[in-house]
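A.B. asks: Have a look at this one before I ask anything.
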C-alpha cells in the first residue's frame, strides 16, 4: 500500500490526491508492476473492488495488465455498496488533467465479473487461501479492509510505498492492531522522486 510519512493510507475521506500530485514516476511504476505480477491473487475490500472494476479494464497503463489478468477476490462485510469512493474520483480526475482517456471497450471485464465475493469469515478464508501453493497473496485496500486484515495478525509481509508527504490526519493503516507488532526490515528501495519502498517481514520469519 501507499502510505504517508505519518502513517495514513488515505485522507480523511479516502483521498489519494496526495500520491497522485507529483505522479509515481517510471521506476516506482516498474516496482509496483513487478510486485503485482508476483501475486497469485489480488485481495481487496468490496468498495475498492467495485471501483477498480470500473477503472482497470479501461486503462492501458502498464499497471493495468497484472491488475486485469491476475485473479481477484473481494471481501465484504455486507452486500457491498456500489458507491464510488473518493479514490476513484481522484484517479479519474488525475487522468483527465493529464489527458489520459479511458478505453471505450475492454476484454478484461470477465476477470472482474467472475471474481468471488466473500461476505463472512475473513480470518478463516485467509487461512484457507494461505494453504495454497504458488505465489503470494497480495492485499490491496481499501483502508477499512486493510485495517481489518492487519488486526487478524495473518499478514506475513508488509510492502509499503512511503511517500514524502505528511497528511496530519486521515485513514491510518494500523489503527485496529491491539498489541505491538514486531517487524523485521527486509529491504528498502529509494526512488529518485523521494518515494521509498519498505518491505517488512512480520516476526522472526
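Values quoted throughout were computed directly from the atomic coordinates according to the rules given, and no laboratory measurement underlies them. On a predicted model such as this, the values are computed, not experimentally measured, just so you know. Ideal geometry is used to build each Cβ from the backbone, glycine not excepted, and the neighbour counts take in all protein chains shown.
A.B. asks: Given the peptides 116-123, 9-16, arrange them by the average over their residues of other C-beta atoms within 10 Å, most packed first.
C.D. replies: With the highest mean Cβ count within 10 Å placed first, the list reads 9-16, 116-123.
A.B. asks: Continuing with the same structure: Can you tell me the relative contact order of segment 2-202? Whole percent, Cα pairs under 8 Å, sequence separation 6 or more. Before the final figure, lay out the partial values.
C.D. replies: Values: 318 pairs, mean separation 64.5, N = 201.
Relative contact order here is 32 percent.
A.B. asks: If you don't mind, another one. Ignoring everything except DSSP H segments at least 4 long, calculate the 222 nm mean residue ellipticity for the chain; use -39,500 (n - 2.57) per segment, divide by total residues, nearest 500.
C.D. replies: Calculated at 222 nm, the ellipticity per residue is -9000 deg cm²/dmol.
A.B. asks: Turning to a different aspect of this structure: Rounded if a/c is under 1.5, else prolate if a/b beats b/c, else oblate: with a ≥ b ≥ c from the C-alpha gyration tensor eigenvalues square-rooted, which is segment 1-58?
C.D. replies: Oblate, because a/c is 1.5 or more while a/b does not exceed b/c.
A.B. asks: With label points built 7 Å along Cα→Cβ from the Cα atoms of residue 166 and residue 69, find their separation and express it in nm.
C.D. replies: Simple spin-label model gives 4.2 nm for this pair.
A.B. asks: So, one more: How much length would be gained if the chain were fully extended between residue 100 and residue 129, taking 0.36 nm per residue of separation minus their Cα-Cα distance, in nm to one decimal?
C.D. replies: Taking residue 100 through residue 129 to full extension adds about 6.8 nm, to one decimal.
A.B. asks: Next question, about the same structure. Can you pull the one-decimal nm distance between simple spin-label points at residue 185 and residue 13, each 7 Å off the Cα toward Cβ?
C.D. replies: 3.7
A.B. asks: How much length would be gained if the chain were fully extended between residue 148 and residue 26, taking 0.36 nm per residue of separation minus their Cα-Cα distance, in nm to one decimal?
C.D. replies: Separation in residues times 0.36 nm, less the Cα-Cα distance, equals 40.8 nm.
A.B. asks: How would you classify the chain from its alpha-carbon gyration tensor, with a ≥ b ≥ c the square roots of the eigenvalues: rounded for a/c under 1.5, else prolate if a/b is greater than b/c, otherwise oblate?
C.D. replies: Working: a/c = 1.38, a/b = 1.09, b/c = 1.27.
Rounded, because the longest to shortest axis ratio a/c is under 1.5.
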